[in-house]
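The values are calculated or read from the model by the stated rules, or taken from the named source; none is laboratory data. Not measured: the values here are computed from a predicted model. Ideal geometry is used to build each Cβ from the backbone, glycine not excepted, and the neighbour counts take in all protein chains shown.
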Amino acid sequence: LDKSLFVPNGLDLTPNARTVLERRYLRKDTEGRLLERPLQMFERVARHIADAERNYDPRANVQATAETFLKLMTDLVFLPNSPTLMNAGRRLGQLAACFVLPVEDSMDAIFETLKNAAIIHKSGGGTGFSFSRLRPKNAMVGTTGGVASGPVSFMKIFNTATEQVKQGGTRRGANMAVLRVDHPDILEFIFCKQNNGDLNNFNISVGVTDAFMAAAARGEMYDLIDPATGTRTATLNATEVYNALVRQAWKNGDPGILFLDRINRDNPTPALGEVESTNPCGEQPLLPMEACNLGSINLARCVTVTAEKATVDYDKLGRIVHDAVHFLDNTIDMSRYPLAEIDAMVKGNRKVGLGVMGFADLLFKLGIPYNSEAALETAAAVMSFIQTEAVAASRALASQRGPFANHHRSIYADMEQPAQRNATLTTIAPTGTLSIIANCSSGIEPLFALSFVRNVMDDDRLLEVNPVFEAVARQRGFYSRELMETIARRGSIQHVEGIPDDVKQVFVTAHDISPEWHVRMQAAFQKFTDNAVSKTVNLPREATVEEVRSIYDLAYQLGCKGVTIYRDGSKEHQVLSTGATA
Ligand code: ADP
């Protein structure tokens, strides 16, 4: 494998993308001098991931596979999650973005998990935890006769540890904390982030059940249960608790909500345990000790444009899906997981999370407004195609490599269809950094602004115009630097003069889109996604608490697995702001 790899189209990176790569992704020596260029990074990744071929066929054409993988990345049509770009073929070798760790109710177990989380953060991975098994605050501690401090106080320790592990050359850690709504400390949890800056390395979500949602709809009482003893400690009014969490989310975005029964209906391996938590951004429900590699297809580059019209290029998309599933399956073998238990779980289930980015750009190119039925139909068509092709790719891999080891204990065991190699295939990630590298809109989110001043990492400021909008503005003859600066100040073009109405209709941004459309879009993708969908429902500053509640209700009714809202101006800092600063 000494031959250099064939690069078909060169590498078309924006200055922003180069900056991001140089700061965090490229190899450096101890003095901080770069040891590779972006192309060499992609080569390093492609070769390393292709090496997995040898596990299955000693005579495999590893070079050809490496070239296929390299082309996926250098064409910017598919990128694996950040830890793969950062760590593949390097000493650390940890390639997954998402982990869920168990938090058992003992000092030993809690601090063991804390240590493991720190190790994962060092590698650029994010960790999710359910704190629901911890005995509540003020419960008796058998061995000392003292009282327990409860989930929230342990979360503070995790938060501090995260703060201190400034990741070795990568990024600061991110965490998710989940607490079940029937935990006795649920009210303390709901309010634990009420001061901006508290638990700033955590996203928090209340885990609710169908029974709770029904009780909340009817104003019924429900029981709080001490998880250590199984006894009832109190009874609360479900509507009041629901309103409290909604009001708190309205105030500053936290907590989000996870619909645990909905999530567990899609658990492919219930015999191995119940899903209690997700990774930090909510898109990846996992069993304790599971990890998952994500990868995202850039839909902005899957369009055929002719003089008459633009259409989704399904032939190209199909080929990308097959290569991407192959890539992600190989990644499982090539990743070095920080714990033997994680290694066993990951290799047992072989979950991967293929998703998309550049969806808003795709809609721009197709001339479809994000807030329209046509956009929902496009979402369903594209994602159902990806899901179907991903399953086909996974079956093809299974026929060569065998199904995932726990297949006989999974929900697929009794099915007629050919076995899959992977317990799950699809996930919609936020793509905070990947979308900067690929120069496309992030995940399935609408754009925040068509032109804006970007703070790259710490201090650089650049005026950036969405490339699709810029092309249309030039073509239609209304492009000017002043206009782009005006748009950057306003955020939206809806009330800017000098822009044709049909352009205004298509080029909508996050705040032009009502919250209902955000939720409906999330639901449209969820319908064809094995895991979950990262989506923030944006609300204007003046939105009411009732509007937030109806968003939560709608997300539940439409089969979303969770929901996260953000009301404009309600929070100073987010765990993950636009990728570059994360
Ligand atoms: P990227 O674009 O860098 O690949 P995403 O924004 O798609 O990452 O996030 C995917 C997942 O990666 C998150 O849900 C989380 O699990 C993990 N992640 C993202 N940012 C961080 C971070 N700063 N520290 C740790 N994990 C992170």
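So if I check each of MET289, MET357, MET334, MET345, which one is more than 14 Å from the ligand (Cβ to nearest atom) and under 19 Å from THR426 (Cα atoms)?
After ruling out the rest, the residue left standing is MET345.
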**OP:** Could you please tell me which pairs satisfy a Cβ distance under 6 Å, a separation of 6+ or placement on different chains, a first residue in segment 96-110 that is within 14 Å of GLU290 (Cβ to Cβ), and a second residue that is within 16 Å of the ligand (Cβ to nearest atom) and among the charged types (D, E, K, R)?
**Re:** VAL100/GLU290
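Please work out if THR544 is among the hydroxyl-bearing types (Ser, Thr, Tyr), surrounded by fewer than 15 Cβ atoms within 10 Å (Cβ to Cβ) and at pLDDT 95 or above.
Here the answer is yes, as THR544 does meet what is asked.
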**OP:** List every residue pair whose Cβ atoms sit under 9 Å apart, with the two residues 6 or more apart in sequence or on different chains, where the first one lies in segment 420-437 and is part of a loop (DSSP other than H, G, I, E, B) and at pLDDT 95 or above and the second, anywhere, is acidic (Asp, Glu) and within 7 Å of the ligand (Cβ to nearest atom).
**Re:** THR427/GLU283; ALA429/GLU283; PRO430/GLU283
**OP:** Return yes when LEU260 is at pLDDT 95 or above and farther than 29 Å from SER435 by Cβ and no when it is not.
**Re:** yes
Original post:
Are any residues in segment 47-60 farther than 16 Å from SER82 by Cβ and part of a helix (DSSP H, G or I), and if so, which ones?
Top reply: ARG47, ALA50, GLU53, ARG54, ASN55, TYR56
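Of the residues LEU21, LEU35, LEU72, LEU11, which single one is under 30 Å from LEU463 (Cβ atoms) and at pLDDT 95 or above?
Numbers: LEU35 fails: under 30 Å from LEU463 (Cβ atoms); LEU72 fails: under 30 Å from LEU463 (Cβ atoms); LEU11 fails: at pLDDT 95 or above.
That would be LEU21, the only listed residue that is under 30 Å from LEU463 (Cβ atoms) and at pLDDT 95 or above.
Residue by residue through segment 210-255, note down the ones that are β-branched (Val, Ile, Thr) and within 30 Å of ARG541 (Cβ to Cβ). Before you say what the answer is, go through the steps one by one.
Filtering segment 210-255 down to residues β-branched (Val, Ile, Thr) leaves 225, 229, 231, 233, 235, 239, 241, 246.
Passing the criteria: THR239, VAL241, VAL246.
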Subject >> Residue that is farthest from LEU85 (Cα to Cα), among those in segment 436-454 that are among the β-branched types (Val, Ile, Thr) and within 15 Å of the ligand (Cβ to nearest atom) >> reply: ILE444
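Tell me yes or no: at least one residue of segment 223-237 is in a helix (DSSP H, G or I), surrounded by fewer than 18 Cβ atoms within 10 Å (Cβ to Cβ) and of a type outside the set (D, E, K, R).
First pass over segment 223-237, keeping only residues in a helix (DSSP H, G or I): none.
Taking every residue of segment 223-237 in turn, none turns out to be in a helix (DSSP H, G or I), surrounded by fewer than 18 Cβ atoms within 10 Å (Cβ to Cβ) and of a type outside the set (D, E, K, R).
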**OP:** Could you list all residues from segment 531-543 that are farther than 16 Å from GLY443 by Cα and in contact (Cβ under 8 Å) with a residue 12 or more places away in the chain?
**Re:** LEU539, PRO540, ARG541, ALA543
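Every residue, every condition in (1) farther than 17 Å from ASN243 by Cβ; (2) over 25 Å from the mean Cα position of the chain (by Cα), yes or no:
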| site | (1), (2) |
| --- | --- |
| VAL165 | yes, no |
| ARG172 | yes, no |
| PHE191 | no, no |
| ASN200 | yes, no |
| VAL208 | no, no |
| ARG218 | no, yes |
| MET221 | no, yes |
**OP:** Being under 22 Å from the mean Cα position of the chain (by Cα), hydroxyl-bearing (Ser, Thr, Tyr) and closer than 16 Å to THR278 by Cα is the filter; apply it to segment 114-139 and report the residue that is nearest to the ligand (Cβ to nearest atom).
**Re:** THR127
**OP:** Search segment 61-93 for residues being within 15 Å of the ligand (Cβ to nearest atom) and not in a helix (DSSP H, G or I), and hand back the single one that is surrounded by the fewest Cβ atoms within 10 Å (Cβ to Cβ).
**Re:** LEU92
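Restricting to segment 266-289, name every residue that is over 20 Å from the mean Cα position of the chain (by Cα) and either assigned to a helix (DSSP H, G or I) or closer than 30 Å to ARG541 by Cβ (or both).
Of segment 266-289, the ones over 20 Å from the mean Cα position of the chain (by Cα) are 269-274.
Residues satisfying the conditions are PRO270, ALA271, LEU272.
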**OP:** Can you work out which of the residues in segment 42-72 that are basic (Lys, Arg) and under 25 Å from the mean Cα position of the chain (by Cα) is nearest to ALA398 (Cα to Cα)?
**Re:** LYS71
